[in-house]
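Since the structure comes first, as structure tokens, the remarks are kept for the end.
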Amino acid sequence: MSTHDDPRQFEGKTVLITGAGKGIGRATAQLLAQRGARVIALSRSAADLRTLEDEIGCTTLCADLGDASAARSVADAAQPVDLLVNCAGIVELQPFLDTSVDAFDTIMAVNVRAAMIVAQQCARSMIGRGVAGSIVNVSSLSATVGLPLHAAYCASKAALDGLTRVMAVELGPHGIRVNTVNPVVTMTPMAEKAWSDPEKSAPMLARIPLKRFVQPLEVARTIAYLLSDESAMVSGVSLAVDGGFQAG
């Protein structure tokens, strides 16, 4: 444990994390549990949830967030929470000219619509209880940078950033902060699928001044910052975790 992983930072707080089975969501669940939060982990994979529960002793919820009514009922079942991390996300690689309506709709349903529905349920509960909560939507550098074969994914992350700004504006008067974290390629199982080919990853790495991709724990630490009182006046921002990519 590093000196920054304060075991008391989130004591007494309950956090709901979607997409908690793998990658950034799982790293965030582990980190926040380490820092004293009560973690409610949501994933569509029961097997991933079982191993996570064994590791950190979290509460688990299994649902496919691509189904709007399932997303609403599972978010409702999770209440009351103080903090929310919308991390569930999917990608399907298709050239723009061959991007199917089905793939586009499915990606938008999971990456944007589910984040909206889950956040609506959490925010309603926070407002009802008078809780000044914090919400972090896990976006991507692809919200602002066009990546080949990622038409639907890039569109979904740009939409998530736009949604986040409106949430910050409307929920701010209730004391609820909303931000996105926007990592460059992060070494998760989903990224391995998209970036395992050195021919594809080499040009991307060349554009990152720090010359490497991001680790899930590095994104998790940024999420923890945005959830915590250390960022008490940060709301409505898209915080890049990109090794300097956007500066180039």
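Here are the numbers for the structure shown:
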read-out: Where a residue in region 29-41 is on the phi > 0 side of the Ramachandran plot and assigned to a helix (DSSP H, G or I) and its partner, wherever it lies, is among the β-branched types (V, I, T) and surrounded by fewer than 21 Cβ atoms within 10 Å (Cβ to Cβ), with Cβ under 8 Å and at least six apart; value: none
read-out: I107 vs. criteria among the β-branched types (V, I, T), within 26 Å of Q30 (Cβ to Cβ) and within 15 Å of the chain's Cα centre (by Cα); value: no
read-out: Residue tally, condition out of contact with any strand residue (DSSP E or B) (no Cβ under 7 Å at 6 or more places or on another chain) and in contact (Cβ under 8 Å) with a residue 24 or more places away in the chain, over region 1-22; value: 11
read-out: Number of the exception - E192 against (1) farther than 30 Å from G175 by Cα; (2) outside any helix (DSSP H, G or I); value: (2)
read-out: From the options R26, R38, residue that is of a type in the set (K, R) and surrounded by 22 or more Cβ atoms within 10 Å (Cβ to Cβ); value: R26
read-out: Strands (runs of 3 or more DSSP E) completely within region 42-144 that count 3 or more residues being surrounded by 15 or more Cβ atoms within 10 Å (Cβ to Cβ) and not polar (S, T, N, Q); value: 83-86, 134-138
read-out: Matching residues in region 145-160 - criterion: being closer than 30 Å to A37 by Cβ and surrounded by 20 or more Cβ atoms within 10 Å (Cβ to Cβ); value: Y153, S156, K157, L160
read-out: Hits in region 162-186 - residues which are hydrophobic (A, V, I, L, M, F, W, C) and either in contact with a Pro (Cβ under 7 Å, 6 or more places away or on another chain) or without any contact (Cβ under 8 Å) to a residue 24 or more places away in the chain (or both); value: V166
read-out: D161 vs. criteria under 22 Å from V241 (Cβ atoms), among the acidic types (D, E), modelled with pLDDT of 95 or more and not in a loop (DSSP other than H, G, I, E, B); value: yes
read-out: Lone qualifier among R124, R221 - being basic (K, R), within 24 Å of G19 (Cα to Cα) and without any contact (Cβ under 8 Å) to a residue 12 or more places away in the chain; value: R124
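The values are calculated or read from the model by the stated rules, or taken from the named source; none is laboratory data. Only a predicted model underlies this, so the values are computations on that prediction, with no experimental measurement involved. Positions of Cβ are generated from backbone atoms using ideal geometry, with glycine treated the same way; all protein chains shown enter the neighbour counts.
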